[in-house]
Each structure stands twice: as structure tokens, then as C-alpha cells.
1. Taking the dipole about the Cα centre of the protein assembly as shown, with the C-beta of Lys and Arg at +1 and of Asp and Glu at -1, give me whichever of B:15, B:78, A:284 is farthest to the positive side.
2. If we sort A:111-118, B:82-89 on the protection proxy, mean other Cβ atoms within 10 Å, highest first, what's the order?
3. Mind jotting down the three principal axis lengths of the protein assembly as shown based on Cα atoms? Whole angstrom, largest first.
4. In whole Hz, what ³J(HN,Hα) sequence does the stretch B:139-153 give by Karplus (6.51, -1.76, 1.60; θ = phi - 60°), x for Gly and Pro?
5. Between residue C:192 and residue B:242, what is the FRET efficiency for a Förster distance of 56 Å, r being their Cβ-Cβ separation, to the nearest 0.05?
6. How do C:84-92, A:210-218 rank on mean C-beta neighbours within 10 Å, highest first?
7. Report the trypsin sites (Lys or Arg not before Pro) located in the stretch C:117-207 that are in a DSSP loop and have at most 13 other Cβ atoms inside 10 Å of their Cβ, or state none.
8. Which value in nm describes the separation of the simple spin-label points at residue C:172 and residue B:184, placed 7 Å from the Cα toward the beta carbon?
Amino acid sequence: MRRFALIAVPYLWLLALFLVPFVIVLKISLSDTALAIPPYVPTLDLSEGWDGLRAFFAELDFENFVFLSEDDLYWKAYLSSLRIALVSTILALIVGYPIAYGMSRAPDEWRPTLLMLVILPFWTSFLIRVYAWKAILAQEGFLNQFLMSVGVIADPLTILNTNTAVYIGIVYTYLPFMVLPLYSALERLDGSLLEAAEDLGCSRFSAFWLVTLPLSRPGIIAGSFLVFIPVVGEYVIPALLGGSDTLMIGKVLWDEFFANRDWPVASAVAIILLAILIIPIVLFLRNEEKQREAEG
Amino acid sequence: MRRLSWFNTTSLTFGFAFLYLPMVLLVVYSFNSNKLVTVWAGFSTQWYGELFRNELMLDAAWVTLQVAFLSSTLATVLGTLAALVLVRAGRFPGRTLFGGMAYAPLVMPDVILGLSLFLLFKPVFSQMGIHSIVLAHATFSMCYVAVVVSSRLVTFDRSLEEAALDLGCTPLEAFRLVTLPIIAPALISGWLLSFTLSLDDLVIATFTTGPGATTLPMRIWSAVRLGVSPEINALSSILIGIVTVGVISTSLMSKRAILKRIREENRAEP
Amino acid sequence: MADNTRKPSETEFSPWIDPSAKPLIEFRNVTKKFGDFTAIDNLTLDIFEREFFALLGPSGCGKTTLMRMLAGFERPTEGEITLDGQSIVDVPPNLRPVNMMFQSYALFPHLSVWDNIAFGLKRDKLEKDKISARVNEMLRLTRLEKFARRKPHQISGGQRQRVALARSLAKAPKLLLLDEPLGALDRKLREETQFELMDIQEKTGTTFVIVTHDQEEAMTVASRIAVMDHGKVVQVDTPAQVYEVPNSVYVADFIGDVNLIKGDFARTGPESGKITYSNKEPAISAEVFEDISDGQSVTYAIRPEKIRVTADKPDDRVNAAYGKIIDIGYLGNVSTYHVELAGGQMVKVAMTNSTRVDRRDFTWDDDVWVSWRESAGVVLTK
């Protein structure tokens, strides 16, 4: 019986505050906007009894979803978000792998310090760090000042308010999420495997390619999921560093909710985003489960 | 010990430079007397002064601290329970769903979490406020706590609990007197992690906030939307400073504790 | 003439011979299954008070499972277990008068030595001074007074083992279970600790049940040994009996060195028989006390130290065979000879080096005689 109570508390909490809200989002995505409080119809009125329930369901429709499919903005935003997320993940992998690899090859005494150095930015406000890039990438920003003073360029580069700035911002912010799982996988690698490979005739590079890289796959997968999935729905970075042509679905959702006060459409956007992400999320969870079983 | 190859040294140097340069620039330029942030005009601490006179900022900081403290404590309790269920409860109907719900917030985009929680709270609470943000933050933080605590639980030596039972403890006593004190560091890490996540959150807070409950990230956001501001630089530097001091001191303390332990173990005669 | 290795050994302490003695622990038809795997198979066993009882066997034989059932961490799938006449199958571990010394010691790292030992006593809600007195008594018993305030990581492996022992004895349990307690210690420390354990057991009068895979350990400390194989108890007897009178090839082979010779049995008298194992060697004359029929396949077991190597044919021993020395092992106190008999059998002989050898009596490829008495070996049918 005690076991039941132990399971029940977090279970009910998560059901109530994680699962149920999604159901509500689904319901509202099937509702219509109204100039009312709350700004949607129909509202569920249980006092009406069974008839009320049926009337309620009758009023639900897929109007919002149809609307989303008709207006170009939305499906373009989804595609753009997926594209940006994919590119950012790859960039984060390219930037993060050498860092994680370097850390795993560093002398043992350095490791705790290096780990601390990677984690420290993570503990610092991410908003502030993204904001810092605004100062760096602006027309009059540090990067342009530096490049011009050194003589590499004559006119300031326009980086801020473009997709490039968004990529830089995303890679910067999500780097610890890529580096830590990679480092964890690389650190666990048995050094004698590489020595065996070299003993059998591999060059340093092919030993890396044939042994290290494949064995670090769990880390690559974990890190990639930890970056890709949240970036698809990212709002702050594109809003702060991107331009008017940076289409990301997170921004679209935000604008629908806060600017247009259109909760039903915002909900519909969220539902479709969830539907797109459900497969990667399930794959991520499965990978996590597998990893934990392998270690436990 | 092995020395790092030039490749590794270069990647580490560039990597960490990339990570730290923006923060360093921020701190340096917070002492810039020029309002135009990117043009250096001389050393000045005026922006720090202005910051501390800014009532809105100070209020927001206080709100943020309250929310962070309450939500992390709640998240630690819930997350620890979730970790116990995941590691110890074995198979039960609905376990897959539970595992999914416990880990999904790790990757779920903030906008979805924010919207869904708002729509849940709206009919339930007449007014949103600190309480709604606290509940929201606790919900997504608990999964981070669950990750930290469950990885500690997995390596926990069960025979310690069996020994406690053997010596007369009920299962609850064994947990309270033996397991809990030993996994406490993981709980503390989880708490600190939740605290940071709460301090830092913009999107979910914006969705679930109410009158009088404006958090610091929200204030910062409204300031930076318009552009770079020297006051924000000062605020950023303060936050960076606090975190740096915190992280370095915990790192040093744990290093010293480990060394002390090694020395003690070596001193024990066989 | 009749060798008294066949009678039960008479020591001062042998309650198992007394028909009126009531056992402390009774296992009755106990079976334990983990899914499809049967760990304990219809086991029946008695353990008496004040015994130092050893469960001996290779890993996987079920000895640890049996012990955990006594501790309360496993429930039997079928069968009954009684402690002092009362069934304990449904009693949780914290309510049993049983304590366990864990293989890994399981010392609470966040508590001092003193608090570790006091832990069980505090659960019984004794008064502070009673607890104090008992803890100090335990510290004295295990010679740990100096280390009372230290934490487990501040003391050595041998000291941690003593803390684990002190902690498990603090509540003066009726039964103490020891799970491979000496495995982590080096050889010299292990020997010292074995005798210490026996001392403490006698002093406190507690019933000890020890689980081990090390037969030397079991032989040293135990009053009786239960040799286990695949969930069953094959033989329960004193160390002397188990060694000198094994009831099966399994037991004979598990304990110490043994020569096993397969052959056919022919009865020659009410308490004797002959085993024919080779057409190049004479049959072995053996004392036989069981009912074995003519022509039955048997295994003759004889320990290396019961055999003698001589250059000439001996006339004082009835069993003798001719062979060649293939290998010699010099172990300091003992020399072992591997002798290949004329029929192809390999026999291992162990002789003590009672004189200092400046030239060996035997060397490789020597032709020798191996001989032994009629009572020296055991005829085994299973």
C-alpha cells in the first residue's frame, strides 16, 4: 500500500499538470475565437448534463486546423523551424564534439575544472547570454568593430537580425546540452580499445573514425535530441537575434497568443507542433530508457 | 600524464573562448561610462547605481527569488519521488506513461509548456500570480531533479538498506535514516538546478504570470527588446558574478572534500 | 582393526546426534524459484543452537539464497522455515531475532563506528546508558575502542570487518548470518580472523551460519558443514566426516584433493570388497559399510596424503600399485607426486617432507610403488 502512495503522488501531479493541459490545448484548438472571457467558444458547462455535453462536442470543429493549412505563413514556419533546428543541431555537433573530445583526452586533474567551465555558462542566465550577442553582432557591435580595426572588412557586416545570428545564438546557448552527453560517452570509452586498434595497424585518425566515433554514438544521439527538439519550438533566440524573415513556429505561437489574443489558433499551432515532435520525443525517451538499462 | 595534442588544445581554447567571450565583454562594458554600449568612453559604475535605484527591477528580483525558492523546493520533493518510482518501483501498469511524462519536459519546447499550463490554470485560478508561476516551474523542474536523483539512486548500494532493515528499521525508517542522508548531495544538486532554471525562465513565466508577479527575466526581456541597455549590462554582470562565485566556491569545496577524504583513507592502517 | 573413521566423531559438542535435542532452525521442504530457475530444491535441514554452521558450495548452488531466506530478504516459494519453534516465513527482516554480517560490510558511511554499532540498539528504543554500555562492550570484544569516533572511510578493511561484526552482534541475536565474511581479506589476516570468529562465537554462545565457497575456511571454523549443489544439500556432517567419509563423488571432489578411481565392485565379506579398475593392476581392497551389490559401478576415493610412495614393493600395506613418477611438486612442507600407474591411471600422492632434503629420494621418471591401507579410502556409489 505504501508503494501505491509513493507512485501516486508524482503520477497524479504529472497527470494533472502535464498531461491534462495537453488535452485542454487540444480542446481549445477545436474551439472558435470569441470576444468573451474566456475568449473562445464553446465552453464546457457540465450543468447542462448530457445534452450540454453533446452540444459542446457539436460545436468543436477543425476550422482552426483548416485555417492553418490555408495560410502559407504557418506551414512555412513549421518547415523553417525544422530546417533551422536541423542545421543548428549539426552545427552544435561540429562545434561541440571537438570540445568534448578535448575534455575527454585531458589529464585527469584538469577534468573537474573543465567540466566546471562548461557548466558555468549553463548556470548563468541564458537570456543574458543571448542578449550579449546582440551587442556583439550589431552593426556597431564588438565583432564589426574588431574586424574593421584589424582591417579584415571595410564595411560593417549585417549579422544581427538575420538567420545567421539565430544560428550563432542557438549553438551558443545549447552547446552545454551537446557537450555534456558527448563528454560523458567519450569519457567512458576504454582507452585500451584505441591502443588495440593502433596495435592492429590503424593510424590515429582511422582509430578515431573506426572506434571512437561509433562508440560515442549514444552521446551523439542524446546530445542531438537535447538540442533538436527544443530548438524547433524556440522563441527567445529568434525573437531577439532574428529578423522579420526569420520564421520560427515558436514566434508564430507567441504572436498568435499575445498579439492576436487568438487562443484557439495558438492551441492549434501547438497541437501540430506536438504532433511533429512526438516521434523525436518518443525516440529520445526510448534512447534514455535504453541508456539507463545499460548502466543500471 | 599524457599531454594534449595541438588539435585538442586548439579546440578546447577556441571552444571555451566562444563560450566565455560574450560574458566577459558584457562585464567589461558594464563599467563603460558611455550610454552607447559598444563604444568605450571610460570607466564608470553609474549603471550599477541606477540599477539599484530601479524599483521595478528590485521588485522583479524579489518576485523571482520567491518563485525560484518555492518552486525548487517543491520540484525537489516531487522529482525525488519520481526518481524513486522510476528506479525502485519496478513494473506497474502505466509505468511507460509515467517515464514519458517524467522525462518529456527535458525536451519539450517552452512555448508548448507555457501555453498548456496557462490554459489549465485559467479556469482554475481566479487570478494568476506567484502561485501559478511556482506550480508551472515546479512541474518542468521536477524532471531535472528526477534525472539527477535517479542517476544517484541507481548506483546506491542496496545492501545498506538491507542492513538497516536487518538491524530493526521499518522500510520508511531505513529510507529516512540511511538512504536519504546518503543521497542528500544529489537532492541538493537537484535543488540548485531547479533554482537556476526558475531564475532563468522567461517563456513559461510570461504565460503563467499575473498582476504583481513580474519576474526579473520578464523585466529584462522588455528592456532588451528595444536594444542594448547599459543597465542590463550591469544587471547581467551582477548575475554572472554571483553564479561564478557560487560555482567556483562549490567546485573548490568539493575538491577539498575529496582530497580530505583521500588523505583520510590513506591514513587508515590496514 | 576396524577403523573408527566410520563412527560419528565424538566431540563435546554434537547436539545433532542427540535425538531429544530440538533444533533452533528447521527447514522443511523449502523450495525457492526465481521465475523458471529453481534456486532451492525441496530442501530439509536442521541447525542446532550454538553451532557454527557452514553452507558450502560453488557460486549458484543456492547457499546465499538460503541465508537470505533466514534473514528475511527472500521468501520461500514453498515450504516452512521455523526459528525456535515459530514459523518465520511471514516475519519481516526487522522483526526477526536474526542479524546479518554483509559481504560488503554495508557500514553506514554517514555514521561513525560508534553510531553504526548503536544503530540496531536504537531501533529497539533502549535507554541511552544501556545502549552505551552495550556498544562499549562490543567495541571491547572486537578491539575497536580506539576507532569509535571514526567514520568507515577513515579505517582499514580489516577494521571495517570488525565493525560489521560488532554491529551484527550488538543486539545479541539468536542467529548470526555471515555472508562470505573473509573474502576481502588477505591470507594472513583471514587466518587470524577465522580464529577470532570462532572465539567470539564460543564466548557469546550465538549460533553462527556462515556462507562460503572456500572449503578451507569452512573446515577451519565450522562445527558442521552442509555441502550444497544446485539447490540441494548433498551432505551435512562435521568437517572430519565430510573430509574422511564423503557420501558422493561431488563432496569428495569439492573438499580438498582426492583421487577418484572408477571400477567394478565385488563383495568379499560383510565389511569388505574389491574394486577392479584395471587389468594391469591388482584390485583394490577396501572396507565397505554400505550395501553395494556385486558388479555395481563404483568410484573409489582416496586422499593423496593416505598414499605412500616407495622405491620397493611394500609388504605392510595390502594395496599396492606400480607406476612411474610423471611430475613432482615441491611445496615446502609437502611434496606432491603425480604417478602414472601401469594401467594408465594418474594418481596424486602427497607426502610430508619430514627431513630436510639435500638429495631427493625420488625424481622424475622413477619407477615406484604407491601403497595404502585397506581403510584409507571410501567406496562411493553416487
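We did not get these values from a lab; they are worked out from the coordinates using the rules stated. Please read these numbers as outputs of a predicted model, since none were measured by experiment. Virtual Cβ from ideal backbone geometry, glycine too; neighbours counted across all protein chains shown.
1. Final value for the positive-end residue is B:15.
2. Per-residue mean Cβ counts within 10 Å order the peptides as B:82-89, A:111-118.
3. 115, 74, 60
4. 5, 7, 6, 4, 6, 5, 4, 4, 4, 5, 5, 5, 5, 6, 5
5. The value I calculate is 0.50.
6. A:210-218, C:84-92
7. Passing both the DSSP loop test and the Cβ count: C:125, C:143, C:149.
8. So the two model labels end up 3.4 nm from each other.
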